[in-house]
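This report refers to the structure that appears directly beneath it.
The values are calculated or read from the model by the stated rules, or taken from the named source; none is laboratory data. Worth saying up front: this structure is predicted, and the values here are computed from it rather than measured. Using ideal geometry, Cβ is built from the backbone for each residue, glycine included, and neighbour counts are taken over all protein chains shown.
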Amino acid sequence: MLRFIAGLLALTVALVSHAAEPLAESPGWYRAQIGRITVTALWDGTLDMPVTEVFKKPGPAQLKALLARHCLTPAMPMSVNAFVIDTGQRIVMVDTGTGASKMFGDKLGHVLANLRAAGYTPEQVDEIYLTHMHTDHVGGLTVDGKAVYPNAVVRADAREAGHYLSREKMAASKGDAEDFESAMAMLDPYEKSGRFKPFDGRTELVPGVHAEPAAGHTPGHTVYVVQSEGEKLILWGDLMHVAAVQFPLPAATVVFDAMPALSKANRERIYREAAREGAWVAAAHVGFPGIGKLRAEGDGSYTWVPMSFVWGR
């Protein structure tokens, strides 16, 4: 009996000692399987989103009420996510995070480290698909004028390239030069080496992955669709920004949507299709890992159903 009691005491001490140890942060990558294609979410970090300032409608009171339903405030942290698609033949990244840019604060810039933590090297990346050319999506392409992904071909819609890589369009823009300058700097080494290859509209890029136009946020904003063995995943970039607002109110647009009416129309269409088909969604600005499904509620609103977190995929 004494030996048994001693054993229990030792176990209790061990459990208390273990509980008192600081917990390590969880990894900034998450793996999921879409048919035979492996998708890995990469966490870039968070930025503080001033929600009541970026929506014209609804008004501040309704915005605060929507946020409060999710225990959020108008200064909520917003996740920035990028993704890797591994088809077995090609390794493709969708967006690259902010890189060294401090445009959005100092809580970002972790994509490259998390890519390595997930078991990939930048040299292994065959292609990079850009949803659009805002800095939090292209900022990780280049450091100090050198390509971070030395063997990758970079692809984006020709309309996006024609806009953000044009000095004439930059000159005509109204105080929005930062994104133009960033896009030009980030794409420069890939253009010079012939490894920037725009595409035109709906295009199959590699087997099982195609681009689909979804303009509105920017002129050439694109979503990418992965299909394998009857499963489907839509990587939708900045189709939406604030889950607590734009899932219950898909018509809500942000002030940095270049063409709000078109952004709204494409968001409503893609939401509707994703819910009807039961497709998986990978979102750049939904809390990490940003993978889930949409459930239509019948009144024009949607509920986000996150993928069950299973470690060790």
Checklist outcome for this item: Of those in region 106-126 that are under 17 Å from the mean Cα position of the chain (by Cα) and assigned to a loop (DSSP other than H, G, I, E, B), the residue farthest from Gln227 (Cα to Cα) is Lys107
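Out of Leu262, Leu249, report the one residue that is closer than 26 Å to Ala177 by Cα, out of contact with any Cys (no Cβ under 9 Å at 6 or more places or on another chain), among the aliphatic types (A, V, I, L, M) and surrounded by fewer than 20 Cβ atoms within 10 Å (Cβ to Cβ). Explain how you work it out, then say what you get.
Working: Leu249 fails: closer than 26 Å to Ala177 by Cα.
Of the residues listed, the single one that is closer than 26 Å to Ala177 by Cα, out of contact with any Cys (no Cβ under 9 Å at 6 or more places or on another chain), among the aliphatic types (A, V, I, L, M) and surrounded by fewer than 20 Cβ atoms within 10 Å (Cβ to Cβ) is Leu262.
Among the candidates Ala185, Ala147, single out the residue that is more than 20 Å from the chain's Cα centre (by Cα), closer than 20 Å to Tyr120 by Cα, at pLDDT 95 or above and of a type in the set (A, V, I, L, M).
Ala147
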Checklist entry - Can you name the condition, by its number, that Thr73 falls short on among (1) among the β-branched types (Val, Ile, Thr); (2) at pLDDT below 95; (3) touching a Phe, Trp or Tyr at 6+ places or on another chain (Cβ under 9 Å)? => result (3)
Checklist entry - Of the residues that sit in region 98-110 and are under 13 Å from Leu141 (Cα atoms) and surrounded by fewer than 20 Cβ atoms within 10 Å (Cβ to Cβ), which one is modelled with the highest pLDDT? => result Ala100
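Does any residue of region 171-178 turn out to be in contact with an Asp or Glu (Cβ under 9 Å, 6 or more places away or on another chain), in a strand (DSSP E or B) and more than 30 Å from Glu229 (Cβ to Cβ)? It would help to see each step written out before you state the result.
We begin by selecting, within region 171-178, every residue in contact with an Asp or Glu (Cβ under 9 Å, 6 or more places away or on another chain); these are 173.
Right, trim to in a strand (DSSP E or B) and you get none.
No, there is no match, as no residue in region 171-178 is in contact with an Asp or Glu (Cβ under 9 Å, 6 or more places away or on another chain), in a strand (DSSP E or B) and more than 30 Å from Glu229 (Cβ to Cβ).
In region 156-182, what residues are closer than 26 Å to Val206 by Cα and either among the hydroxyl-bearing types (Ser, Thr, Tyr) or in contact with a His (Cβ under 6 Å, 6 or more places away or on another chain) (or both)?
Kept after step one, since they are closer than 26 Å to Val206 by Cα, are these residues of region 156-182: 156-165.
Glu160, Tyr164 - these are the residues of region 156-182 that are closer than 26 Å to Val206 by Cα and either among the hydroxyl-bearing types (Ser, Thr, Tyr) or in contact with a His (Cβ under 6 Å, 6 or more places away or on another chain) (or both).
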Item to check | Index of the failed condition, Gln227 passing every other in (1) buried (at least 19 other Cβ atoms within 10 Å of the Cβ); (2) of a type outside the set (Gly, Ala, Ser); (3) assigned to a strand (DSSP E or B) | outcome: (1)
Item to check | Which listed residue is at pLDDT 95 or above, of a type outside the set (S, T, N, Q) and under 29 Å from Thr73 (Cα atoms), from Ala279, Ala252, Ala214 | outcome: Ala252
Checklist entry - surrounded by fewer than 19 Cβ atoms within 10 Å (Cβ to Cβ), in a loop (DSSP other than H, G, I, E, B) and in contact with a His (Cβ under 9 Å, 6 or more places away or on another chain) - does that describe any residue in region 183-204? => result yes
Checklist entry - Which of the residues spanning region 111-147 are surrounded by fewer than 21 Cβ atoms within 10 Å (Cβ to Cβ) and touching a strand residue (DSSP E or B) at 6+ places or on another chain (Cβ under 7 Å)? => result Ala117, Ala118, Tyr120, Gln124, Asp126
